[in-house]
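Beneath this line is the structure, given in C-alpha cells, with notes to follow.
The values are calculated or read from the model by the stated rules, or taken from the named source; none is laboratory data. Predicted model, so just to flag it, every value in this text is computed and none were measured. Reconstructed Cβ throughout: ideal geometry from the backbone, glycine too, with neighbour counts over all protein chains shown.
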Amino acid sequence: MKNLQSEIKNLQLKMSCRQGYGDEILALAKKNKKIIVLSADLMDSLRVAEFKKKFPNKFLEMGVSEANMISVAAGLALEGFVPFTSSFAVFTPNQAVSQIRVSVAYNKANVKIVGSHAGVSIGADGATHQALEDIAIMRAIPGVTIFAPADYWQTRRAVRAAAKMNGPVYIRFGRGDIEQITNEKTPFKIGEAQILKKGKSGTIIAHGESVHRALLAVAELAKEKLDFGVVNLPTIKPLDEKTILNLARKTKRFVIAEDHQLTGGLGSAVAEFLAEKYAIPMEFVAIRDKFGESGEAEKLVKKYHIDTEDIVEAGKRVMGRKR
Amino acid sequence: MSIKIKQLENVARNLRHDTTEMLYRAGSGHWGGSLGMADIFAALFFGGIIYYPWKKNQWNRRDRFILSCGHICPIFYATLDRLGFFGDKKAILRKLGSPLQGHPSHIHIEAVETSTGPLGQGVGVAVGKALALKMQKKKQRVFCVTSDGEHEEGSTWEAISSAAKFKLDNLIFILDRNHLQIGGSTEEVANLGNLAERYRFLGWDVFQTNGHIMPEILDTFRKVKRANGRPKLVIAETTMGKGVSFVENDYRYHGRAPNEEEYKKAVTELRK
C-alpha cells in the first residue's frame with residue numbers, strides 16, 4: 001500500500017512539456033484575443049485538441065504542410081495576430097527553414113514556433129523523427145529567441161513569455177513525461193539562467209531533459225568529493241552572457257549537457273562566447289555527429305552518451321584540465 | 001479608345017521605361033519579367049482594381065498586395081515610385097543603403113507586405129493575410145502576383161489548397177503566365193500541366209486574360225466576383241520582355257539587366 005502510494009506520487013510528478021504547451025496556450029487565449037493556434041495535423045501530439053474545442057475559430061488545421069503553415073502564420077502575424085505553430089521539431093524548423101528564415105525572421109514577424117518531440121530521447125520513432133540539429137538551425141537565423149524549457153511548468157512559463165514578447169520565438173522540447181524541476185512559482189525571465197545549485201569545482205549547464213540528468217550527476221560527483229553546480233538554461237538565445245561569464249570566472253570549469261548535436265547547440269553557443277571573453281576548460285555531453293535510431297529512451301540516452309554517467313565522466317575529465 | 005485606356009497604356013509605357021533605367025543603373029536584376037508585367041501593374045494600381053491609399057492615415061484600409069515572385073520587383077518599385085511613394089528621393093536599385101533591395105524587403109519598405117524572393121512563400125503569406133482580414137471581418141482584399149515558375153514549388157500548392165479550404169474569396173492570385181523561366185521554357189524545365197484546371201480542381205474560380213490588352217485586363221478583373229466562398233485566380237497570358245523587341249520571349253533576359261547599348265535601344269523603342 002505504501003509502495004503504491006509513492007508510485008502514484010511519482011507518476012503525478014512526471015509531466016510532459018507538450019502538456020504544458022497545451023495547458024498554457026488554452027489559459028492565455030482566454031485573455032489574449034490575438035492568439036491563434038496552427039497545427040500541421042499534430043493536434044493531439046502537441047496537446048492542442050482542447051484548445052480547438054474551446055476556441056474553434058482561433059484554431060487553424062493546416063494539414064501536413066509545415067512550410068505553408070509557417071508562411072500563413074507569418075501573414076497572420078503581420079496583420080497583428082500572435083500565431084503559435086504546432087508540430088514536431090523535425091518538421092518545424094527542419095522542414096520549413098526557408099519560410100522561417102525569410103517570411104518569419106527577416107520580416108521580424110511575431111510568430112511562435114513550437115517544436116515538440118525533440119532529441120534522441122523520443123525513442124521508438126527513430127532517427128527521422130529525432131530532431132538533433134533544430135537548435136543549431138534556429139541559432140543561426142538572426143533575431144530568433146530560442147527557449148528549451150526543462151519541464152511542464154517551465155514550458156508554461158516559456159509559452160507565456162513568448163506570447164508577451166514581440167518577435168519570432170522557437171520553443172523546443174521533448175515528448176516524454178519527465179521529472180519536474182520547477183514549479184508554478186519558479187521565476188522565468190527571457191535570457192536568464194536558473195541556478196539550481198552552486199558549486200566550487202565546476203558548473204554543469206544543461207537545457208531540457210538533460211537538466212534532470214545534470215542534477216543526478218552532481219549527486220554522483222559529490223560522492224567523489226567534487227562540488228559541481230548546476231545551471232538550467234531555458235533560454236538558448238539570447239544567451240545569459242552575464243551569468244555564464246560570472247560562473248566561468250568563479251568555477252573555472254564547465255560541463256555542458258544536451259540532447260542535441262554538439263555542432264551548433266548550447267555547448268557550441270557557450271564555447272563561442274567564452275572563447276572570446278574568458279576561455280576555460282569545457283567538456284560537452286551531446287550527440288557527436290550521429291543520427292539516432294529506434295529504441296527505448298533510456299537505452300538511447302545511454303548509447304548516444306548523453307546519460308547521467310556521461311555527465312559524471314565529463315565532470316571528472318574537466319577536473320583534470322586547467323585554465 | 002477611351003481616355004482612361006490611353007492613360008493606362010501610357011502609365012505602362014512609363015513603368016517599362018523606369019524599370020529599364022533602374023536596371024541599367026543597377027547593372028543587375030530581372031528585366032524580362034518586369035517588362036512583361038507592366039500592363040498588369042498599370043491596370044492594378046492605376047486602373048482602380050487595387051484600393052491603395054498610401055497616405056498614412058488611410059493605409060490600414062488598403063488592399064494588400066504581395067509580389068510573391070519577388071525577383072520582378074523593379075516593376076513594383078517603379079509602380080510605387082509613380083504612385084509617389086518615395087517622394088523626391090530617388091533611391092538606386094540594389095546599391096548599399098538603398099531601400100530598393102534586390103528582392104523586396106518588408107523591413108525596408110512598408111508597402112512591401114512581406115519579403116519575397118525564395119519562391120513559394122509569398123503565396124502562403126498572402127493566404128495568412130487573407131485569413132487575418134476575414135477573422136477581423138475586414139473587407140479589404142489580398143492581391144498576390146505569382147509566376148508560372150513559382151508553381152514548380154510544392155509549397156505553392158500547399159498555399160493554393162489551404163486558400164480553398166479556408167474559403168478565402170478575398171484572395172486573388174494573378175499568375176504571370178509567360179511560359180519562360182531562368183533556364184528555358186516552363187514546359188521544358190518542368191511539368192506544370194494545365195494550371196487553370198489544377199486550380200479549378202482545388203476549388204478556385206479561374207479567369208483568363210491577355211496580359212497586354214488593357215480593356216481586356218480591366219474587364220476580366222471586373223468579372224472577379226467577391227463573396228462566393230472561393231479564392232480567385234486571374235491567369236495573365238504575358239510575353240516576357242513585352243515592349244522591347246529584342247527582349248521579348250528570350251529567356252536569357254530573365255535574370256539580367258540591360259547593358260549600355262541595350263539600354264539605349266530599349267529606351268528609343270519605348271519612346272516611340
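Tell me whether the range B:86-107 contains one or more residues that are more than 11 Å from chain A (Cβ to nearest Cβ), polar (S, T, N, Q) and either free of Cβ contacts under 8 Å to residues at least 60 places away in the same chain or more than 16 Å from A:I100 (Cα to Cα) (or both).
yes
Could we say that A:R253 is in contact (Cβ under 8 Å) with a residue 40 or more places away in the chain and in contact with a Pro (Cβ under 7 Å, 6 or more places away or on another chain) here?
Spelling it out, A:R253 is indeed in contact (Cβ under 8 Å) with a residue 40 or more places away in the chain and in contact with a Pro (Cβ under 7 Å, 6 or more places away or on another chain).
Going by the structure shown, is B:D18 among the acidic types (D, E), within 18 Å of the chain's Cα centre (by Cα) and under 25 Å from B:N259 (Cα atoms)?
Yes, satisfied.
For every residue, the table says whether it meets (1) small (G, A, S); (2) within 14 Å of chain A (Cβ to nearest Cβ); (3) farther than 26 Å from B:L23 by Cβ; (4) touching a Lys or Arg at 6+ places or on another chain (Cβ under 7 Å).
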| site | (1), (2), (3), (4) |
| --- | --- |
| B:E187 | no, no, yes, no |
| B:L192 | no, no, yes, no |
| B:E197 | no, no, yes, no |
| B:F221 | no, no, yes, no |
| B:L233 | no, no, yes, no |
| B:A236 | yes, no, no, yes |
| B:E248 | no, no, no, yes |
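Determine which member of the set B:A78, B:A43, B:A38, B:A12 is closer than 19 Å to B:I217 by Cα, in contact with a Ser or Thr (Cβ under 8 Å, 6 or more places away or on another chain) and hydrophobic (A, V, I, L, M, F, W, C).
One residue alone meets the criteria, B:A38.
Restricting to the range B:246-272, name every residue that is of a type in the set (G, A, S) and in contact with a Leu (Cβ under 8 Å, 6 or more places away or on another chain).
B:A257, the sole residue that qualifies.
Tally time: how many residues in the range B:217-256 are surrounded by 15 or more Cβ atoms within 10 Å (Cβ to Cβ) and modelled with pLDDT of 95 or more?
The number of residues fulfilling the criteria is 21.
This table checks each residue for (1) closer than 20 Å to A:G20 by Cα; (2) part of a helix (DSSP H, G or I); (3) in contact with a helix residue (DSSP H, G or I) (Cβ under 6 Å, 6 or more places away or on another chain).
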position	(1), (2), (3)
A:T128	no, yes, no
A:P142	no, no, no
A:Q154	yes, yes, no
A:A162	yes, yes, no
A:I171	yes, no, yes
A:T186	yes, no, no
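Would you check if there is a residue in the range B:152-163 being farther than 27 Å from B:Y253 by Cα and among the hydroxyl-bearing types (S, T, Y)?
Among the residues of the range B:152-163, at least one is farther than 27 Å from B:Y253 by Cα and among the hydroxyl-bearing types (S, T, Y), which makes the answer yes.
Name the single residue, out of those in the range A:46-70 being assigned to a loop (DSSP other than H, G, I, E, B) and not small (G, A, S), that is nearest to the other protein chains (Cβ to nearest Cβ).
Looking at residues that are assigned to a loop (DSSP other than H, G, I, E, B) and not small (G, A, S), I get A:M62.
Could you go through the range B:116-126 and let me know if any residue there is farther than 21 Å from B:N228 by Cβ, within 14 Å of chain A (Cβ to nearest Cβ) and over 18 Å from the mean Cα position of the chain (by Cα).
Looking through the range B:116-126, none of the residues is farther than 21 Å from B:N228 by Cβ, within 14 Å of chain A (Cβ to nearest Cβ) and over 18 Å from the mean Cα position of the chain (by Cα).
Could you identify the single residue in A:S294, A:S268, A:S210 that is over 23 Å from A:M138 (Cβ atoms) and out of contact with any Lys or Arg (no Cβ under 7 Å at 6 or more places or on another chain)?
Sole residue among the options that is over 23 Å from A:M138 (Cβ atoms) and out of contact with any Lys or Arg (no Cβ under 7 Å at 6 or more places or on another chain): A:S294.
Counting just the residues of the range A:71-86 that are facing another protein chain (nearest Cβ under 10 Å), touching a strand residue (DSSP E or B) at 6+ places or on another chain (Cβ under 7 Å) and not in a helix (DSSP H, G or I), which one comes out farthest from A:K112 (Cα to Cα)?
Among them, the one singled out is A:F81.
Since B:S68 meets every condition but one in (1) among the hydroxyl-bearing types (S, T, Y); (2) within 14 Å of chain A (Cβ to nearest Cβ); (3) farther than 23 Å from B:Q181 by Cα, which condition does it not meet?
Checking B:S68 against (1) among the hydroxyl-bearing types (S, T, Y); (2) within 14 Å of chain A (Cβ to nearest Cβ); (3) farther than 23 Å from B:Q181 by Cα, the one that fails is (3).
Just the residues that are acidic (D, E) and surrounded by fewer than 23 Cβ atoms within 10 Å (Cβ to Cβ), please, taken from the range A:89-138.
Hits for the range A:89-138 are A:D125, A:E133.
Is it the case that B:E110 is within 19 Å of B:W54 (Cβ to Cβ), more than 10 Å from chain A (Cβ to nearest Cβ) and either surrounded by fewer than 24 Cβ atoms within 10 Å (Cβ to Cβ) or charged (D, E, K, R) (or both)?
Considered against the rule, which asks whether it is within 19 Å of B:W54 (Cβ to Cβ), more than 10 Å from chain A (Cβ to nearest Cβ) and either surrounded by fewer than 24 Cβ atoms within 10 Å (Cβ to Cβ) or charged (D, E, K, R) (or both), B:E110 comes out as yes.
Please go through the range B:130-151 and pick out each residue that is among the aliphatic types (A, V, I, L, M) and facing another protein chain (nearest Cβ under 8 Å).
Matches in the range B:130-151: B:A130, B:L131, B:A132, B:L133, B:M135.
Being polar (S, T, N, Q) and within 13 Å of the chain's Cα centre (by Cα) is the requirement here; does B:T146 meet it?
Yes: the conditions hold for B:T146.
Could you look through the range A:87-116, keep only residues that are β-branched (V, I, T) and not in a loop (DSSP other than H, G, I, E, B), and pick out the one that is farthest from A:P168 (Cα to Cα)?
Of everything passing the filter in the range A:87-116, A:V97 is farthest from A:P168 (Cα to Cα).
Out of everything in the range B:152-169 that is surrounded by fewer than 23 Cβ atoms within 10 Å (Cβ to Cβ) and assigned to a loop (DSSP other than H, G, I, E, B), what residue ends up being farthest from the other protein chains (Cβ to nearest Cβ)?
Applying the filter and picking the extreme gives B:D169.
Pick from the range A:294-321 the residues that are part of a loop (DSSP other than H, G, I, E, B) and touching a residue at least 12 places away in the same chain (Cβ under 8 Å): which of them is surrounded by the fewest Cβ atoms within 10 Å (Cβ to Cβ)?
Checked the range A:294-321; the qualifying residue surrounded by the fewest Cβ atoms within 10 Å (Cβ to Cβ) is A:E296.
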